[in-house]
Amino acid sequence: MLVPTGVLVADARAAGRAIPAFNVILIEHAEAIVAGAEAAGLPVILQISENAVKFHGDRLAPIAAASAAIAATAGVGVALHLDHVKDSALVDQAAAHGFSSVMVDASKLPYDENVAATAAAVERLHAQGLWVESELGEVGGKAGDPHAPGVRTDPAEAARYTAATGVDALAVAVGSSHAMTSRTARLDHDLIAALRDAIAVPLVLHGSSGVPDEELTAAVKAGMVKINIGTALNTAFTGAVRETLAADPALVDPRKYLSPARDAIATTVRTMTTLLAS
Ligand code: G3H
Ligand code: ZN
């Protein structure tokens, strides 16, 4: 069933666990994420990034509608979140396409401009009843944007920022980096705890694919509530496609290689969702 993001995040926080948010690129991602969540018997967030919307020819409607339909018939709670949005026109399309939350990404802007852009988006989104996440202290690793080791979110600045913007959750830089295909990231757990104590809203970890299991569980203990995972799904999906095609070079029906790839995502989702609830 479709559930608002704010409800899933609040429930997880109250229970001292984390809620995973998995990135959807293709309809198979949404199907697999929900299948994995159902196998775990736990709720999940489906998130579609601005980059994924661009991939679909700048059309939000088809992938949003497919994800919403899959969420609506799920046997567990599933929320729909629009992720890493820089384009304010896209921010304003979220509610009409069934999203209950948006991550407004002004993290590349200087502090004052990040505050101004985020506060303006928060005002518009709150007026429509949407939950808003934003980022302070850039988590690196997006395309053409290598992670700068040592970039960290300052707790005092985070307190000023959340008060000035009115956001409902804050993505912070604590050692993770986007798009890692090996799980070698080390997080600053003292900083996570200091951020948790400095601000009233829940913390969000981006770039979680590169974070080992024990680092993730320690991060949840220290105060992380929403855990964003994308690349780990693509690693599983593409690995299964490669393996299937290598085993049968004559294969041409996409259903024959997309089925094991979808199953591989579902297995990853079940494992990670279970880990984050433990
Ligand atoms: O917002 C999305 C996430 O931060 C995903 O990062 O692909 O490195 O897991 P990842
Ligand atoms: Zn991210």
Computed lengthening from A15 to V241, 0.36 nm per intervening residue step minus Cα-Cα distance: 77.6 nm
Order of exposure, largest accessible area first, which applies to H126, H56 with probe 1.4 Å: H126, H56
Net length gained if the chain between A250 and D263 were fully extended (0.36 nm per residue, minus Cα distance): 2.5 nm
Nearest-10 value in Å² for the accessible area of M224, using the 1.4 Å probe: 0 Å²
Cβ-placed point charges (K, R +1; D, E -1), dipole of the chain about Cα centre in debye, nearest 20: 400 debye
Backbone HN-Hα couplings from phi across the stretch 48-56 [Karplus 6.51/-1.76/1.60, Hz, Gly and Pro as x]: 10, 8, 4, 4, 5, 5, 4, 4, 8
Estimated 222 nm signal from helices in the chain, with DSSP H stretches of n ≥ 4 weighted -39500 (n - 2.57), rounded to 500: -15000 deg cm²/dmol
Dipole-positive endmost among N51, I27, A127 within the stretch 1-146 (Cβ charges, Cα centre): I27
Sequence-separation-based contact order of the stretch 156-278, relative, with Cα cut under 8 Å and 6+ spacing, percent: 22 percent
Largest-first principal axis extents, alpha carbons of the stretch 189-273, Å: 58, 20, 17
Cβ-placed point charges (K, R +1; D, E -1), dipole of the stretch 1-149 about Cα centre in debye, nearest 20: 240 debye
Global form of the stretch 1-119, assessed from the alpha-carbon gyration tensor, a/c cut-off 1.5: oblate
Cα-based Lys proximity count in the chain, under 25 Å, for pairs eight or more positions apart or on separate chains: 10
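Over the stretch 15-165, calculate the relative contact order: mean separation of alpha carbon pairs under 8 Å at least 6 apart, over the residue count, as a percent.
Result for the stretch 15-165 is 16 percent.
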Gaussian network model of the chain, Cα within-10 Å springs - most flexible of L205, L60, L46: L60
Convex hull (Cα only) mean projected area of the stretch 119-278, reported in nm² to one decimal: 11.6 nm²
Exposure of S259 as accessible area (Å², to 10), given a probe of 1.4 Å and all protein chains: 40 Å²
Ranked by how many other beta carbons lie within 10 Å on average, peptides 128-134, 113-119 from highest: 128-134, 113-119
Distance (nanometres) between label positions extended 7 Å along Cα→Cβ at A159 and T184: 3.7 nm
Solvent exposure, largest accessible area first (probe 1.4 Å, DNA, RNA and ligands not counted), of E28, E135: E28, E135
By average C-beta atoms within 10 angstrom, highest first, the peptides 32-39, 236-243: 32-39, 236-243
Gaussian network model of the chain, springs between alpha carbon atoms under 10 Å - residue of R255, R186, R152 with greatest fluctuation: R255
Descending Cα extents along the principal axes, the chain, whole Å: 59, 39, 37
Farthest positive-ward along the chain dipole, Cα basis, beta-carbon charges - from T165, T231, A72: A72
For the stretch 75-207: Kirkwood Rh in Å [reciprocal of mean 1/r, alpha carbons]: 15.3 Å
At least 27 Å along the helix axis (C-alpha) and Kyte average at least -0.5, DSSP helices within the chain: 254-276
Value of relative contact order over the stretch 63-144, rounded to a whole percent, pairs C-alpha under 8 Å and six or more apart: 26 percent
Area of K256 that stays accessible when all protein chains are in place (1.4 Å probe, Å², to 10): 120 Å²
Listed residue (T268, P254, V211) projecting farthest to the positive dipole end of the stretch 172-270, Cβ model: P254
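The values are calculated or read from the model by the stated rules, or taken from the named source; none is laboratory data. Predicted model only: the values in this text are computed from it and were never measured. A quick note on method: Cβ atoms are made from the backbone with ideal geometry, for glycine too, and the neighbour counts reach across all protein chains shown. Keep in mind that these areas ignore ligands, DNA and RNA; they rest on the heavy atoms of the full protein, side chains included. Shrake-Rupley method; radii C 1.70, N 1.55, O 1.52, S 1.80 Å.
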